[in-house]
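> Structure provided below as structure tokens; questions to follow.
The values are calculated or read from the model by the stated rules, or taken from the named source; none is laboratory data. These figures come from a predicted structure and were not determined experimentally. No Cβ is skipped: glycine too gets one built from the backbone with ideal geometry, and neighbour counts run over all protein chains shown. Protein only, heavy atoms only, side chains kept; ligands, DNA and RNA dropped before computing areas. Shrake-Rupley method; radii C 1.70, N 1.55, O 1.52, S 1.80 Å.
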Amino acid sequence: MSPRTATFIGLTAILMWSLLAVLTVATGKIPAFQLAALTFAIGALVAFASFLFRPRAFGALKQPLAAWLVGVGGLFGYHALYFLALRFAPPAEAGLLNYLWPLLIVLFSSFLPGERLLAHHVIGALLGLAGTVLLLMGGGGSGFEAGQLPGLLAAFVAAFVWASYSVMSRRLKAVPTDAVAGFCLATAVLAAVVHVLVEKTVWPETSAQWLAIVALGVGPVGAAFFTWDIGMKRGDIRVLGAASYATPLLSTAFLILAGFAQPTATIAIAAILIAGGGLIAAKDMFRLRG
């Protein structure tokens, strides 16, 4: 698989994650960790179902402890911290801190063997950050109180966890992508345990809510982690990091199309900044060869 192909595959994860907000809204009032347990379980089961046609894929689950710690730590650790952030901090500010992870991926990639961090990668990532700041603060951010500090700290740490997981996936290039199925299943189990301990179970009330849960499990909380793993391990990690700033923009666009948000001039300006930054950072893609 060529680096360019792997990069394009990784970009599909960004598109799927853009559907996360609108699909989550469609699930109703299901508690966060319960939703995580259900969707990660669905994602894992779909992957394991494909293993039935590829029996050798089960061998991918036999990985060193380090691979499991990175995989499960990244998936569960990031989502646990992000859910904690949304519970104790204003969504706009929490989202702003959380979306430091694309910039961190671009910067952390410079520590990888054979990778070079060039000026246009940093410029593209910073333009994406500026667009994300504008997009999120345009939603009405109003500062924070002392009691919200734990949530804001959780969002900040979550950004480092996801960036570290993504970049470390490159260092664990020998671990096959099929192993992500095991990481998802372990994450589902951990999320279920936390749900039982801290949340009250709320089941979907309509078939539409169930369909949204299934869609989440198959896409944004399922296939996206597999395509992202391919992109991180075999694609251009700097391009993917910068392009990730398209996620909040596309997410907002899908919310607008679904009637959950309204188009504004702020969104238009943010779109220009994010798209421009992505194009600048991704110019290497046009030179990628097999």
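> Normalised by the residues of the chain, what does the relative contact order come to in percent, with Cα pairs under 8 Å and at least six apart?
Values: 491 pairs, mean separation 127.2, N = 290.
Worked out over the chain, it gives 44 percent.
> How would you order 238-250, 22-34, 52-64, 77-89 from highest to lowest mean count of nearby Cβ atoms within 10 Å?
Values: 238-250: 26.4, 22-34: 18.5, 52-64: 12.3, 77-89: 20.6.
My ranking of the peptides, most packed first, is 238-250, 77-89, 22-34, 52-64.
> If you take the charge dipole of the chain about its Cα centre, with +1 on Lys and Arg Cβ and -1 on Asp and Glu Cβ, which of A253, T201, T177 is farthest toward its positive end?
Toward the positive end, the furthest listed residue is T177.
> (i) 1.06; (ii) 0.97; (iii) 1.18: which one is Cα Rg over 2.2 N^0.38 Å as calculated from this entry?
Looking at Cα Rg over 2.2 N^0.38 Å for this model, the match is (ii).
> Cα gyration tensor of the stretch 17-127, axes a ≥ b ≥ c as square roots of the eigenvalues: rounded (a/c below 1.5), prolate (a/b > b/c) or oblate? Write down the numbers at each step before the final one.
Working: a/c = 2.08, a/b = 1.11, b/c = 1.87.
Oblate, since a/c reaches 1.5 and b/c is not below a/b.
> Between E199 and residues 5 or more places away or on another chain, which pairs have amide H atoms under 5 Å apart, with H built 1.01 Å from N, and which residues are they?
none
> What nm value, rounded to one decimal, do you get for the distance between A265 and E205 when each label is placed 7 Å out toward the C-beta?
Result: 3.9 nm between the two label points.
> If you don't mind, there's one more thing I want to ask. On the accessible surface of the chain, probed at 1.4 Å, how many percent belong to carbon and sulfur atoms? Walk me through the numbers on the way to the answer.
Values: 9810 of 13400 Å².
Whole-percent figure for carbon plus sulfur exposure: 73.
> Considering only lysines 8 or more places apart in sequence, or on different chains, count the pairs in the chain whose C-alpha atoms sit under 29 Å apart. Display every interim value, and only then the final one.
On the way: K29/K200; K62/K173; K62/K233; K173/K233; K173/K283; K233/K283.
Lysine pair count for the chain: 6.
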